[in-house]
Amino acid sequence: MKRWPKYINRGTILAVVAMVVLVACSNWMVLLVFASALLLGYIYREMRGRYLQKEEESAHGRVYQSMEEAVAALGDPDESITTDATRANELSGAVLVYKQHGLLVVAGEEVNLADIADVNVVNRATPYTVGQHQIVFTLRRKDNPYVRIDVGYDAEYAGTVAEEIMSAISEDTPKSSQASPTEESSRHTDDADSSVLSE
């Protein structure tokens, strides 16, 4: 008896209603209009589902599970910026730069260069806990507007990595003296003011 509920869903109910209407109606014109409405409803639902799926994929960007997977899909990067020397061969320890594709691979996630609005360095430590510095990419998208990657506990190294990323994104953009994450040590917020690249 417990197995029946999985077969009773919205699609099943609509199919039963459609069968009842088809049996009850003897007018061919009514049947034709009803069948057309069902067909249009089905087409609309399929098209809307595909559209929402594409929107979700474009909003988040493709996510790769390994360095090999990213290279297989995109080819060898123009530049690889090491963010963590102990994990340089992993996506969590490097930023891959693909200038021809117009994107970066940050912590395994594709980030379009055109979507990058700002690059910040944030110190995640608090007076009570030890935390790594992070490079935070602020993106021009409503859903999931931040992408982060850890760069270790060394503030000077974090600033150097930030400068390398800024240079890779746009060589025409002047380097900012605000790249040093030491200014963020007293701030414990995701919306850091230490912009490395800002428009």
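What follows draws every value from the coordinates through simple rules; no lab data is involved. What you see is a predicted model; the values in this text were computed from it and never measured.
Here is how the numbers come out for the structure above:
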read-out	value
Theoretical gain in end-to-end length, Tyr153 to Gln100 [0.36 nm per residue, Cα-Cα removed]	15.8 nm
Rounded, prolate or oblate (a/c below 1.5 giving rounded, otherwise prolate when a/b exceeds b/c) for the range 72-128 by Cα gyration tensor	oblate
Net length gained if the chain between Ala72 and Arg140 were fully extended (0.36 nm per residue, minus Cα distance)	21.7 nm
Extension gain (nm, one decimal) between Arg87 and Thr129, 0.36 nm per residue minus Cα-Cα	12.8 nm
